[in-house]
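The next block holds one structure in the form of structure tokens; read it before the comments.
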């Protein structure tokens, strides 16, 4: 794509940030950019296109929002003479080298080119430089993902890794699984296990149990799994089995501990739990000592 254009100093109020809907911007990223701007100033111009009396921002959203927070009056921008559809494709081109876009963001752009600009998969492929198969996968991702799940991703409540697992579920089941994942502070790996078990469940009762008691279900499954390696002695297999079960219990404990309800415990509950938790932490220190000894 042609990135040649004129450089202009643009006031913040003259920017059109409508294309920001295709980017996931977390507050922490904007804070880091603000600190960089305040320390070193603007190192690269933002990329824009003229849209009426405004400058539609194509690349540089973190710089824009960070400048707002810092009270900067404007930014240096490169102004390109391109259409809005080409501008959307340029979002991907600008971020291709650093791999800063996740597949969901790419999907939003491609889906918009298809729906809003009535472009065929072949036309999108030619515009973006990606294969038609790639375009088809990105469009399918957005079409298959429930709006409620997309909202939680945009809010930072779940990660792109979670979404790659959730999308395996049919529409209609994704929102309730997402709620379970968030309520139990489940990692993407734990979510993959939950979704795999949910899809293989043979009854509504079993699926309901998984959603209501995911940690207990995982613990039960771990106990039922045969843990054995023919390369190990009897003692080696005991170490293997206990380490796997310990890892499972640690994951369950960490999920509960970092749950939002932990901060809501009353003084009496904290008093009862404190000696038990201290015992857990002491054992964790012993495990750390073992790790240092074995390395």
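Laid out as a table, the results:
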{"item": "Tally of residues being over 13 Å from residue 22 (Cα atoms) and in contact with a helix residue (DSSP H, G or I) (Cβ under 9 Å, 6 or more places away or on another chain) across region 86-104", "result": "2"}
{"item": "Residues satisfying the stated conditions in region 118-153, i.e. under 20 Å from residue 59 (Cα atoms) and surrounded by 16 or more Cβ atoms within 10 Å (Cβ to Cβ)", "result": "124, 127, 128, 130"}
{"item": "Cβ-Cβ under 7 Å pairs, at least 6 apart or on other chains, region 233-257 side farther than 30 Å from residue 183 by Cα, far side exposed (fewer than 15 other Cβ atoms within 10 Å of the Cβ)", "result": "237/228; 237/229; 240/227; 240/229; 240/232"}
{"item": "Some residue of region 183-190 being within 30 Å of residue 104 (Cα to Cα), outside any helix (DSSP H, G or I) and either assigned by TED's automatic domain parsing to the domain that holds residue 24 or out of contact with any helix residue (DSSP H, G or I) (no Cβ under 7 Å at 6 or more places or on another chain) (or both)", "result": "yes"}
{"item": "Failed criterion for residue 63 (all others in (1) surrounded by fewer than 19 Cβ atoms within 10 Å (Cβ to Cβ); (2) within 23 Å of residue 104 (Cβ to Cβ) hold)", "result": "(1)"}
{"item": "Scan of region 226-257 for residues that are outside any helix (DSSP H, G or I) and surrounded by 12 or more Cβ atoms within 10 Å (Cβ to Cβ), ordered by number", "result": "227, 232"}
{"item": "Residue identified as more than 30 Å from residue 138 (Cα to Cα), buried (at least 19 other Cβ atoms within 10 Å of the Cβ) and modelled with pLDDT of 90 or more among 58, 91, 10", "result": "10"}
{"item": "Residue, farthest from residue 92 (Cα to Cα), within region 1-57, restricted to residues that are within 27 Å of the chain's Cα centre (by Cα) and part of a strand (DSSP E or B)", "result": "16"}
{"item": "Residue in region 216-224 that is crowded, with 17+ Cβ neighbours inside 10 Å, modelled with pLDDT of 85 or more, in a helix (DSSP H, G or I) and at negative phi present", "result": "no"}
{"item": "Residue in region 27-38 that is crowded, with 20+ Cβ neighbours inside 10 Å and either touching a helix residue (DSSP H, G or I) at 6+ places or on another chain (Cβ under 7 Å) or within 30 Å of residue 159 (Cα to Cα) (or both) present", "result": "yes"}
{"item": "Residue in region 258-269 that is modelled with the highest pLDDT, counting only those that are surrounded by 11 or more Cβ atoms within 10 Å (Cβ to Cβ) and in a loop (DSSP other than H, G, I, E, B)", "result": "265"}
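Let's see how each residue does on (1) in a helix (DSSP H, G or I); (2) crowded, with 17+ Cβ neighbours inside 10 Å; (3) at pLDDT 95 or above:
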residue: 98; (1), (2), (3): no, no, no
residue: 110; (1), (2), (3): yes, yes, yes
residue: 164; (1), (2), (3): yes, no, no
residue: 169; (1), (2), (3): no, yes, no
residue: 180; (1), (2), (3): yes, yes, no
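The values are calculated or read from the model by the stated rules, or taken from the named source; none is laboratory data. Just so it is clear, the model here is predicted, and its values are computed rather than measured. Positions of Cβ are generated from backbone atoms using ideal geometry, with glycine treated the same way; all protein chains shown enter the neighbour counts.
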